[in-house]
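The values are calculated or read from the model by the stated rules, or taken from the named source; none is laboratory data. Predicted model only: the values in this text are computed from it and were never measured. We place every Cβ from the backbone using ideal geometry, glycine too, and count neighbours over all the protein chains shown.
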Amino acid sequence: MAHTPVLSFTDHGIYCAAGDFYIDPWRPVARALITHGHADHARWGHGSYLATHQALPVIQHRLGEIACQGISYGEVLRIGTAEVSFHPAGHVPGSAQIKVVVEGEIWVASGDYKIEDDGLSDPFEPQKCHHFITESTFGLPVFRWRPQDAVADDLNNWWRKCAGEGKTAFLGAYSLGKAQRLLRMLDPGIGPILTHGAVEATNAVLRGQGIDLPTTVQLTKDTDPKANKGALVLAPPSALGSAWAKRFGPGESAFASGWMQLRGVRRRRAGDRGFVISDHADWPGLLSAIRETGAENIYVTHGYTDVFSRYLTENGWRAEVVPTEFGGEDAEGEAS
């Protein structure tokens, strides 16, 4: 009789037959376990949602009325014959790896993750397992992140230079996670920080959870550019260059994303600056995370899947690419 895997990959999502639930499903299912609140992982239409207490407020803000249940990091919940627990992924506030144990066999679905402690999200905690499901958004050796403090210095120096030249600094970043991480890196002494409505709505949710963020002012049609000299404007990348930005007169734009490591992407984004910072693991971070799990079986879900899985196979792991509909960090659109 063939062995039924603890987790399998279906056209609805990652499925656990022992508990009859899905992890981050991309089509409507009866029971969904959600790693974090980004739109490619937390989708509307499921019968019920289980996520960390820290992730649920943003998920509810995005999806509206849903049947949901919160769980603490490390808490073990029995669903059918499966034991389930959520563990910090370090990606964005509330993000989790989901561990599933059935008859002693341990699987971990990591969702999206990063290794560096950003001071905002609960830091990544490696989980020992037999099978590890990993992203590979930045699964090429060229992707190696500088320390966050070094990027913060560059970012503040750029803003300070813009302010000194009478320019507004426009910074593009994804509204959940990246924007708040950047806010914690900025020096409010340089000038006022203005936020696009999409960023400020997420700020409000996270502040309501007790997360400390610098003072920000939401942009509206009544915002007076003259009263906000030397400001930095934080907005989704798609909003930069729009009509409201022109009201501020002279300005410089920058994008904050791991993709800024690549010259071609920097050119296509047409920003004045690119700051290399990502809420996903870089090449060394991916390999470090995988080693620390002790897993022999690795399933690569999105990103540079072929290159990364081939490297793993050549270096002693049993690795395979599995089809999913996760987006990772978009090189051309919203940088997560």
Unique match (being surrounded by fewer than 18 Cβ atoms within 10 Å (Cβ to Cβ) and either within 15 Å of Glu135 (Cβ to Cβ) or charged (D, E, K, R) (or both)) among Asp112, Asp24, Asp117: Asp117
Subset of the range 279-329 [hydrophobic (A, V, I, L, M, F, W, C) and farther than 16 Å from Ile133 by Cβ]: Trp283, Val307
Residues that are among the small types (Gly, Ala, Ser), over 18 Å from Asp118 (Cβ atoms) and within 26 Å of the chain's Cα centre (by Cα), drawn from the range 179-230: Gly197, Ala198, Ala201, Ala204, Gly208
Failed item, numbered, when Gly166 is tested on (1) on the phi > 0 side of the Ramachandran plot; (2) within 16 Å of the chain's Cα centre (by Cα): (2)
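Among the residues of the range 121-175, which ones are among the β-branched types (Val, Ile, Thr) and surrounded by fewer than 18 Cβ atoms within 10 Å (Cβ to Cβ)?
Val142, Val151
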Any hit, the range 191-206, residues being among the hydroxyl-bearing types (Ser, Thr, Tyr), closer than 24 Å to Gly274 by Cβ, outside the structural domain of Gly303 (by TED's automatic domain parsing) and in a helix (DSSP H, G or I): yes
Extreme residue, farthest from Ala239 (Cα to Cα), among residues of the range 164-187 that are small (Gly, Ala, Ser) and out of contact with any strand residue (DSSP E or B) (no Cβ under 7 Å at 6 or more places or on another chain): Gly164
Selection within the range 30-74 - closer than 14 Å to Ala89 by Cα, surrounded by 15 or more Cβ atoms within 10 Å (Cβ to Cβ) and polar (S, T, N, Q): Thr35, Thr52, Gln54
Total residues in the range 75-84, condition of a type outside the set (D, E, K, R) and either surrounded by 17 or more Cβ atoms within 10 Å (Cβ to Cβ) or not in a strand (DSSP E or B) (or both): 4
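Which count do you get for residues in the range 144-163 that are in a helix (DSSP H, G or I), in contact (Cβ under 8 Å) with a residue 40 or more places away in the chain and not hydrophobic (A, V, I, L, M, F, W, C)?
Residues that pass the stated criteria total 2.
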Count - residues of the range 207-220 that are surrounded by fewer than 21 Cβ atoms within 10 Å (Cβ to Cβ) and either assigned to a loop (DSSP other than H, G, I, E, B) or in contact (Cβ under 8 Å) with a residue 60 or more places away in the chain (or both): 9
From Trp259, Trp283, residue being modelled with pLDDT of 95 or more and surrounded by 15 or more Cβ atoms within 10 Å (Cβ to Cβ): Trp283
Among the residues listed as Ile115, Ile133, Ile190, Ile106, the single one being modelled with pLDDT of 95 or more and more than 25 Å from His87 (Cβ to Cβ): Ile190
Single unsatisfied condition, Ile98 versus (1) surrounded by fewer than 20 Cβ atoms within 10 Å (Cβ to Cβ); (2) part of a strand (DSSP E or B); (3) within 20 Å of the chain's Cα centre (by Cα): (1)
Qualifying residue in the range 4-21 (condition: touching a residue at least 60 places away in the same chain (Cβ under 8 Å), assigned to a loop (DSSP other than H, G, I, E, B) and at positive phi): yes
